[in-house]
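Colleague: My structure is below; once you've seen it, I'll send some questions.
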Amino acid sequence: QPADAFFRANRPVALTFDDVSLATLYSEILPKDADTSTALSEVLKLSIPVISSDMDTVTEARMAIAMALNGGLGLIHYNMPARDQVKEVARVKRHIHGLIQDPITVSPTQHVGDVLALIETRRFDFRTFPVVDADGKLVGLLSGSTVRERYKSKTVAEAMTPRADILTIHEKALKPDPIKAADAFFTEHVGIHKMLVVDDEDRLRGLVTFSDIDRILTESKSRRKPARDADFRLVVGAAIAPVRLPDGTLDDEKIITHVSQLVDEHIDAVAVSTAHGHTAGVGDIVKLVRDAFPDLTIIAGNVTSASGVDYLAACGANAVKVGQGPGSICTTRVVAGVGIPQLTALYVAAQGAKARGVKIIADGGITKSGDIVKALTLADAVILGGLLAGCREAPGEIMEINGKLYKQYRGMGSLSAMKAGSAARYGHDKTDNARKLTAEGIEALKEVSGSADDVLGNLVGGVQSGMGYLGAKDLKSLREKARYIRVSPAGQKEAAPHDVVEIKTQAKG
Ligand code: XMP
């Protein structure tokens, strides 16, 4: 059935991902040709409709860089001092793929023997080092062929290739596309395997290696286009805290100062993330930020109703997050007895979005690529927490328990996360006594799942496969074509592998 007829017929039963399946349709679309690009506003465009959640066990700079390189968006969490969050944003915006920004350097007065010892103790798998003086100026290149026992008593200055004989590139020449610039450099200069980047004062600004560029060029053939801003920087978003004054009113000045610092670092979106977005408090922050920054993409939430979407859109949000309690670490529904199963929530929210022309983001409860396909029949993008928390790019250490590798994953409404700063998201003050804070999330572990590249590659492959089954060439067509069918409990059982003993291949990394 088409969405209108289907959801009318199934009202008031609220449904979630596993309750429905999508009917296959005549198709001329091969999965690999399905276009997964989306937009969160007029200016913020992504090549995959996937956003990493602003949770302190999911998104900091490393995850945000991986998300943008894969064509998505990372939302950096706010359980850290505002200035640290601004630094995380800057790390993403300044990231140049392929450029080693802080290469290991040696000084001309060291001895080759010192360099050999450095390689041994730090276990470097490379032997070529730029040589810089005390001011950071490039004075030479110590090449692997001279880093030998036989030369150990020579100084670096004696063993290096002097500055006059090294080819370099000015940092300005890396723009707009550093990978293209490096590719051209290595093609022109046969046999050169290191490209040293310098500034106006001949200070070393970075290093690009031939093998990294070769690998990136090979990967980029299979990978989706990175999500970049108009100046070729990777895109990134950040959550902003609803900071309040002691009398409970919003601390407008602090909020605006924080957003200004993010804007100075060229932030692409801010997210006003709360458990209950259909509130005056959230509306007021959206209005405040919208008035001060008319062109900034604002994401706000979370809501599960058409009127909630309508309200936040009227306040100035470009995209509204939908989901209350579907998340894998959420206990909102258990604790507060509220929330709507996610697919129905997306349907009602989509009704509000259509009228307002805002975007909808499905946030929480996604455990497999099929859920993303279903969510995208009603939403413009999805937010993932649990599916990314086991990636090596997520914050936190890997721990081993009984021979298995895990990473921590906790709800932002869990007691420990609220104590670290996210209490306001749940309408509490972090200085509240722990007994007064009612947790709406749990602390958990996720099995380590390899790299974000691998995880996103599989998920997006699944989305394209779904689009192929529906004959949808792009996400707009997916939304138009989707036909739903309710699945019985027996049908749900049939949908997953059954009556076999599954052989698990070990995850990489
Ligand atoms: P998944 O299912 O991807 O969900 O792990 C991630 C989303 O869950 C929300 N979130 C919470 N919801 N209590 C809640 O009720 C919490 O403690 C909590 N922490 C995160 C959030 O929307 C996230 O993107």
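The values are calculated or read from the model by the stated rules, or taken from the named source; none is laboratory data. Everything quoted here is computed from the prediction, not taken from an experiment. Positions of Cβ are generated from backbone atoms using ideal geometry, with glycine treated the same way; all protein chains shown enter the neighbour counts.
Colleague: Where the second residue is small (Gly, Ala, Ser) and in a helix (DSSP H, G or I) and the first is within 22 Å of Arg127 (Cα to Cα) and lies in region 180-207, which pairs have Cβ atoms under 9 Å and are six or more apart or on separate chains?
Modeller: Once the first residue is within 22 Å of Arg127 (Cα to Cα) and sits in region 180-207, its partners that are small (Gly, Ala, Ser) and in a helix (DSSP H, G or I) give Phe185/Ala173; His193/Ser211; Met195/Ala181; Met195/Ala182; Val197/Ala173.
Colleague: Which residue is nearest to the chain's Cα centre (by Cα), if the candidates are limited to region 221-245 and must be among the hydrophobic types (A, V, I, L, M, F, W, C) and surrounded by 18 or more Cβ atoms within 10 Å (Cβ to Cβ)?
Modeller: Checking each candidate, the answer is Val236.
Colleague: Is one or more of the residues making up region 247-263 within 16 Å of the ligand (Cβ to nearest atom) and farther than 30 Å from Ile179 by Cα?
Modeller: So far as region 247-263 goes, no, none of its residues is within 16 Å of the ligand (Cβ to nearest atom) and farther than 30 Å from Ile179 by Cα.
Colleague: Quick one: Ile96 ticks every box in (1) under 30 Å from Arg163 (Cβ atoms); (2) in contact with a Gly (Cβ under 7 Å, 6 or more places away or on another chain) bar one, so which box is it?
Modeller: (2)
Colleague: Of Ile340, Ile361, which residue is closer than 28 Å to Glu443 by Cα and in contact with a strand residue (DSSP E or B) (Cβ under 6 Å, 6 or more places away or on another chain)? Steps first, answer last, please.
Modeller: Working: Ile340 fails: in contact with a strand residue (DSSP E or B) (Cβ under 6 Å, 6 or more places away or on another chain).
That would be Ile361, the only listed residue that is closer than 28 Å to Glu443 by Cα and in contact with a strand residue (DSSP E or B) (Cβ under 6 Å, 6 or more places away or on another chain).
Colleague: Name the residue that is nearest to Leu376 (Cα to Cα), counting only residues in region 442-469 that are touching a Ser or Thr at 6+ places or on another chain (Cβ under 7 Å) and buried (at least 20 other Cβ atoms within 10 Å of the Cβ).
Modeller: Top of the filtered list is Val463.
Colleague: Restricting to helices (runs of 4 or more DSSP H) lying wholly in region 297-368: which have 3 or more residues that are of a type in the set (A, V, I, L, M) and either within 11 Å of the ligand (Cβ to nearest atom) or surrounded by 24 or more Cβ atoms within 10 Å (Cβ to Cβ) (or both)?
Modeller: Because the criterion is at least 3 residues that are of a type in the set (A, V, I, L, M) and either within 11 Å of the ligand (Cβ to nearest atom) or surrounded by 24 or more Cβ atoms within 10 Å (Cβ to Cβ) (or both), the helices (runs of 4 or more DSSP H) in region 297-368 that meet it are 332-336, 342-356.
Colleague: Let me ask another. Whether any residue in region 138-150 is part of a helix (DSSP H, G or I), more than 34 Å from the chain's Cα centre (by Cα), in contact (Cβ under 8 Å) with a residue 24 or more places away in the chain and surrounded by fewer than 16 Cβ atoms within 10 Å (Cβ to Cβ) is what I want to check. Even if it seems obvious, please write down each step before you answer.
Modeller: Initially, region 138-150 is screened for residues part of a helix (DSSP H, G or I), giving 144-146, 149-150.
Narrowing further to those that are more than 34 Å from the chain's Cα centre (by Cα): 144-146, 149-150.
From the residues that got through so far, the ones that are in contact (Cβ under 8 Å) with a residue 24 or more places away in the chain too are 146, 149.
Still in the running and surrounded by fewer than 16 Cβ atoms within 10 Å (Cβ to Cβ): 149.
Yes; the residues of region 138-150 include at least one that is part of a helix (DSSP H, G or I), more than 34 Å from the chain's Cα centre (by Cα), in contact (Cβ under 8 Å) with a residue 24 or more places away in the chain and surrounded by fewer than 16 Cβ atoms within 10 Å (Cβ to Cβ).
Colleague: Let me ask you something else. Just to check your reading of the model, which residue among Ile96, Ile119, Ile169, Ile192 is at pLDDT 90 or above, under 36 Å from the mean Cα position of the chain (by Cα), β-branched (Val, Ile, Thr) and in a loop (DSSP other than H, G, I, E, B)?
Modeller: Ile192
Colleague: Here's a follow-up. Might you let me know whether region 246-257 holds any residue that is in a strand (DSSP E or B) and surrounded by fewer than 22 Cβ atoms within 10 Å (Cβ to Cβ)?
Modeller: Let us first name the residues in region 246-257 that are in a strand (DSSP E or B), namely 250.
Checking which are surrounded by fewer than 22 Cβ atoms within 10 Å (Cβ to Cβ) leaves us with 250.
Taking every residue of region 246-257 in turn, at least one turns out to be in a strand (DSSP E or B) and surrounded by fewer than 22 Cβ atoms within 10 Å (Cβ to Cβ).
Colleague: Hey, any hits in region 47-66 for a residue that's crowded, with 20+ Cβ neighbours inside 10 Å, more than 15 Å from the ligand (Cβ to nearest atom) and assigned to a strand (DSSP E or B)?
Modeller: Checked region 47-66: no residue is crowded, with 20+ Cβ neighbours inside 10 Å, more than 15 Å from the ligand (Cβ to nearest atom) and assigned to a strand (DSSP E or B).
Colleague: Any residue in region 263-272 that is modelled with pLDDT of 95 or more, crowded, with 24+ Cβ neighbours inside 10 Å and among the charged types (D, E, K, R)?
Modeller: yes
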